[in-house]
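Note sheet for the following structure.
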Amino acid sequence: MAQLPKERLRVGFVGTGFIAQFHLKSLVGVRNIDVVGVYSRSNEKRAHFVKLADELGLGACKNHDSLESLLGDPTLDAVWVLSPNYTRLDVMRTLHAEVKAGRSKVFAVACEKPLARTVAEAREMLRLAEDAGLNHGYLENQVFSTPVIRGKEIIWRRAASTTGRPYLARAAEEHSGPHEAWFWQGDKQGGGVLSDMMCHSLEVARHLLTAPGAARNSLRVKSVSGTVANLKWTRPHYADDLARRFGPGVDYRNHPSEDFARGVVALEDEAGNELMIEATTSWAYVGAGLRIQLELLGPEYAMEFNSLGTGLKIFMSRAVKGSEGEDLVEKQNAEQGLMPVLEDEAGVYGYTDENRHMTECFRKGETPQETFHDGLGVVEMMMGLYKSAETGETVHFPAPDLEHYVPPVARR
């Protein structure tokens, strides 16, 4: 058993894609952590990751050519699982086996959202972590977003304490589509935009409605009602564009996943108060870039946040030429005109505080604010929404028949 607290937490990354690099860059703002190793299927990406970790001064990161090699590093304390959705259960099975066999000294694991593609997978992720005696954290960055942290603190301290708890949370996240092919493939990702992005919206909304210090299960899900649609990417021109960009495996003429989803979740608190979540997500939004909109409403107050309503904006005329990029905002769609700029994307989106929180909890042996239990709860809500959209009926909770439910777009 690890002797806690540890002076520094030594972590390894599983995965080297877009989200892994976002997490890595955020660690510049985290104390008491060293990145000591990385594994992914691509040696080229691993080498780039090692180089970036060195440039950021985050430790002597070693390039491992197998997951077992990474987990067998005797200096490794914790693992961040950031590989694609369809790989995560296998990663957890390997981690479980290595720890149980005494070949790995890892004592904590953090997993990127969503925890799994189905309720059964999510429950198995939780079982494996707990059977191996691992401290576990669910990486839902929007819960740790700086506007969410500050806004929730003010609302509950000043407004809810004098006029009553909030009763409605709205969350919307939209952009023009994912970076990599597997996100677009329903069987690999586990769904479409509902699985990819509504996991954010549901959990940040539930977090805002939860009283400070209270467990997330202090709110009981009563029912969910969902709608999904294909608005943009099934149009022939755009379906063909996806095939050109990502290859024949992304076939939106014949096997599309939804690019729009809407969900309504009815909850009840411990006092019997009725609460609501309204969530909307889309891969069909073409604006300056990724847009996150949050609202929290109560008897005599409201909180609002729009990630594109930045204080810093830059205008560039037609004479300004250059290559496409994402140097102003995530999922950036333009390089000219009046553009919003997020000065600290990792902070505003929540990655810095999320990783700071997980590092300190793991280092000290404390239970994180977000655990695999919360990740399981999010998957249960998502599967309920998918089933509601498929049947056209509201799904009432508890819903044990969701255990092995698979969304239509993931049935291949």
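The values are calculated or read from the model by the stated rules, or taken from the named source; none is laboratory data. Model, not experiment: these values are computed from the prediction. No Cβ is skipped: glycine too gets one built from the backbone with ideal geometry, and neighbour counts run over all protein chains shown.
What do you reckon, is E173 part of a helix (DSSP H, G or I), at negative phi and either in contact with a Lys or Arg (Cβ under 7 Å, 6 or more places away or on another chain) or acidic (D, E) (or both)? Can you show your working first?
Values: part of a helix (DSSP H, G or I): no; at negative phi: yes; either in contact with a Lys or Arg (Cβ under 7 Å, 6 or more places away or on another chain) or acidic (D, E) (or both): yes.
It is false that E173 is part of a helix (DSSP H, G or I), at negative phi and either in contact with a Lys or Arg (Cβ under 7 Å, 6 or more places away or on another chain) or acidic (D, E) (or both).
Can you find a residue that is exposed (fewer than 15 other Cβ atoms within 10 Å of the Cβ), in a loop (DSSP other than H, G, I, E, B), touching a residue at least 60 places away in the same chain (Cβ under 8 Å) and out of contact with any Lys or Arg (no Cβ under 7 Å at 6 or more places or on another chain) anywhere in segment 290-311?
Within segment 290-311, one or more residues are exposed (fewer than 15 other Cβ atoms within 10 Å of the Cβ), in a loop (DSSP other than H, G, I, E, B), touching a residue at least 60 places away in the same chain (Cβ under 8 Å) and out of contact with any Lys or Arg (no Cβ under 7 Å at 6 or more places or on another chain).
Spot the failing condition for G72; the list is (1) more than 14 Å from T371 (Cβ to Cβ); (2) surrounded by 20 or more Cβ atoms within 10 Å (Cβ to Cβ), and only one is missed.
(2)
Touching a helix residue (DSSP H, G or I) at 6+ places or on another chain (Cβ under 7 Å) and either modelled with pLDDT under 80 or of a type outside the set (G, A, S) (or both): does that describe P368?
When the stated conditions are applied, P368 passes them.
Checking the condition touching a residue at least 24 places away in the same chain (Cβ under 8 Å), out of contact with any Asp or Glu (no Cβ under 8 Å at 6 or more places or on another chain) and either in a strand (DSSP E or B) or assigned by TED's automatic domain parsing to the domain that holds E270 (or both), which residue from L194, L208 passes?
Numbers: L194 fails: out of contact with any Asp or Glu (no Cβ under 8 Å at 6 or more places or on another chain).
One residue alone meets the criteria, L208.
Hey, can you tell me all the residues within segment 357-392 that are more than 21 Å from V204 (Cα to Cα) and either in the same structural domain as K222 (by TED's automatic domain parsing) or among the aromatic types (F, W, Y) (or both)?
F362, K387, S388, A389, E390, T391, G392
Note down all Cβ pairs under 9 Å where the first residue falls in segment 239-256 and is closer than 17 Å to A410 by Cα, the second is exposed (fewer than 14 other Cβ atoms within 10 Å of the Cβ) and of a type outside the set (D, E, K, R), and they're at least six residues apart or on different chains.
Here the result reads R253/P236, each pair linking segment 239-256 to a residue that is exposed (fewer than 14 other Cβ atoms within 10 Å of the Cβ) and of a type outside the set (D, E, K, R).
Of the numbered conditions (1) in contact with a helix residue (DSSP H, G or I) (Cβ under 6 Å, 6 or more places away or on another chain); (2) crowded, with 23+ Cβ neighbours inside 10 Å, R88 satisfies every one except a single condition; which is it?
All conditions are met except number (1).
Check whether at least one residue in segment 322-343 is buried (at least 19 other Cβ atoms within 10 Å of the Cβ) and touching a residue at least 60 places away in the same chain (Cβ under 8 Å), and report yes or no.
yes
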